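One structure below.
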Amino acid sequence: MLIAIVVGIGVVLTHQSMPSIQKFGLSFWRTEIWDPVAGEFGALPFIWGTLYSSVLALLIATPIALGIAVFISELCPAALRQPLVFVTELLAAIPSIVYGLWGIFVLVPAVRSLETSLPDNVRKLPLFSGPPLGLGMLSAALILAIMVIPFISSISREVLKSVPPAQREGAYALGATRFEAIRAALFYARTGIIGAVMLGFGRALGETMAVTMVIGNNPKISASLFAPQYTMAAVVANEFAEAADDLYLSALVEIGLVLFIITLIINSLSRLLIWSMARTEAIVAEPVEAEATV
Amino acid sequence: MITPTGRRKLISSLFVAFCAGAVLLALIPLALVLFFVISQGIRSLNLAFFTHMPTPVGESGGGMANAIVGTLMLSGLAGAMAIPIGIVSGIYMSEYAGTRFAALVRFAADTLNGVPSIVIGLFAYVVAVLPFKQFSALAGGFALGIMMIPIIARTTEELLLLVPGTMREGALALGATRARAVFSVVLPAALPGIVTGVVLALARIAGETAPLIFTAFNNRFFSTSLREPISSLTVQVYTYATGPYEDWHRQAWAGALVLVSIVLICSLLARLATRRLERMHARG
């Protein structure tokens, strides 16, 4: 059943996007003019916006999430551990529409005043060009970062937990400081941590509501953090219910299909990394049992 | 001059400080979100919110009675679809753990869990809206149900694996068939945990918006028909939040407060329940 659903999603979406695939072919993904009224569909701005916002979000989220994971699993007193785990999980449980609402009325005005307060010579840089709307890439990346932090930190925590204590004890025995011992543990766990970050990336790529509400929804490619842009998930959410003609619908479904395939690949890869980490772990820790299960 | 050892110690302390700082940094948005949702929401939340219908544009007051009923119905539909399928898949994965096919099912569940909700919405649109040429509550429930299946399947699997093997072996030794052992011994032992998992899954999908926008759509009127478009709290909050009216924004905050309360209460209950379970297992 589960397998049928996953395969079904792929088949159904491919079928539905055939008109657009046949009409535009690869140029769909290479052109940047999105004008449904004129029947011109180029999806490049959405790819750009999706990748830009997700990468930016990860740049913000990864150090913080790793810090949290290390703090909870290695540093904090045992009494604090459970409450902290609960609180970070709460961050993941808040519905994305609530983040979006908060984004519109609290974060965006805050970002706007930050943008207007920048000195003029900084504003001339391409990274900060454009009118200070508040709605735009920076707000989207910030809200995405908040939303993926709990995912990355909870998986990194699990991965760190699977590092054998002997690793750390060995480091301490050699006279390592706390940082050096943890660095050794992090290095040992690197595959799993990369997997955790990639899983966060997959989440960020597909996040819809919160991003739609704060990114400004403008299909223009821009390097500026302040410019309103658009993502793949957001364009589907915004325009699908209004898409009148079949070609328009099928173009939007094709965007969804590609989003599906990208997240599928990223998720599989990250699971593979986390699994391979867990497997070598089992062999190192319990060679006899590992052999028995094979 | 700082000695090399001093420098190493300094770096180490800085690192510890950074990690603690990261925790605080992550708590700030959580605190801010909760603060605004509660303070803004309480001001607009009143009895009318639960009992009245949305008013026409320009008139103040009114509530989201239809959306609340809609969310309940959609979650119920999703549960009716996902709970049986999810639990059966979970049983399969734990019973046949280690087989290639079970690994494939687990992989499919994890994959489905990672599929963006908007893509699930597209899928439900093509399967359940397009053929009937109408948005419907049924299509919305279908979309949410698909999102729910992998969560329930994985929870069931994990909890079944926690049941001590001796219990199953005891049942088998008494001559029970495999099915009998699973359904009368192993499953009941894991049931409280599974119920907790189902409640959490329901709370999570009640907060979903993206799969509903073009399946259940929205409905300004009160409706309990499965074949009609139906309103939901999340879509209503979305509509109100992106609308231009002050009064709508007020209502959106109230809706958000209700959503967050649902999630908070469910997570707290689930946490208490798991704790009790753990204690029971420790004693047993």
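The values are calculated or read from the model by the stated rules, or taken from the named source; none is laboratory data. As the structure is a computational prediction, the values presented were derived from the model and not from experiment. Glycine gets a Cβ as well: all are built from the backbone with ideal geometry, and neighbour counts include every protein chain shown.
Within the option set A:GLY175, A:GLY170, A:GLY192, being in a loop (DSSP other than H, G, I, E, B) and at pLDDT below 90 holds for one residue only, A:GLY175.
Checking the condition of a type outside the set (Val, Ile, Thr) and touching a strand residue (DSSP E or B) at 6+ places or on another chain (Cβ under 6 Å), which residue from A:MET198, A:MET137, A:MET147, A:MET213 passes? Break it down into steps so the answer makes sense when it comes.
Numbers: A:MET198 fails: touching a strand residue (DSSP E or B) at 6+ places or on another chain (Cβ under 6 Å); A:MET147 fails: touching a strand residue (DSSP E or B) at 6+ places or on another chain (Cβ under 6 Å); A:MET213 fails: touching a strand residue (DSSP E or B) at 6+ places or on another chain (Cβ under 6 Å).
When all the criteria are applied, what remains is A:MET137.
Restricting to the stretch B:101-128, name every residue that is more than 8 Å from every other protein chain (Cβ to nearest Cβ), buried (at least 24 other Cβ atoms within 10 Å of the Cβ) and farther than 16 Å from A:GLY8 by Cβ. Hits for the stretch B:101-128: nothing passes. Among residues that are away from chain B (no Cβ under 11 Å) and modelled with pLDDT of 85 or more, A:ARG112 is included. When the helices (runs of 4 or more DSSP H) confined to the stretch A:1-109 are screened for residues that are touching a residue at least 60 places away in the same chain (Cβ under 8 Å) and away from chain B (no Cβ under 14 Å), those reaching at least 3 such residues are found at A:2-24, A:44-70. The test for being more than 11 Å from chain A (Cβ to nearest Cβ) and aliphatic (A, V, I, L, M) does not hold for B:LEU212.
The residue that is surrounded by the most Cβ atoms within 10 Å (Cβ to Cβ), among those in the stretch A:67-93 that are modelled with pLDDT of 90 or more and either of a type outside the set (A, V, I, L, M) or out of contact with any helix residue (DSSP H, G or I) (no Cβ under 6 Å at 6 or more places or on another chain) (or both), is A:GLY67.
Of the residues making up the stretch B:217-250, those that are within 11 Å of chain A (Cβ to nearest Cβ) and either under 20 Å from B:LEU130 (Cα atoms) or surrounded by 24 or more Cβ atoms within 10 Å (Cβ to Cβ) (or both) are B:PHE217, B:ASN218, B:PRO229, B:SER232, B:LEU233, B:THR234, B:VAL235, B:GLN236, B:VAL237, B:TYR238, B:ALA241.
Across the stretch B:88-119, the number of residues qualifying as more than 16 Å from the chain's Cα centre (by Cα), in a helix (DSSP H, G or I) and not aromatic (Phe, Trp, Tyr) comes to 16.
The rows are residues; the columns are (1) surrounded by fewer than 21 Cβ atoms within 10 Å (Cβ to Cβ); (2) more than 9 Å from chain A (Cβ to nearest Cβ); (3) farther than 30 Å from A:ARG81 by Cα.
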position	(1), (2), (3)
B:LYS9	yes, no, no
B:SER12	yes, no, no
B:ALA20	yes, no, no
B:GLN40	no, no, yes
B:ALA65	yes, yes, yes
B:ILE68	yes, yes, yes
B:THR71	no, yes, yes
B:ALA80	yes, yes, yes
B:ALA97	yes, yes, yes
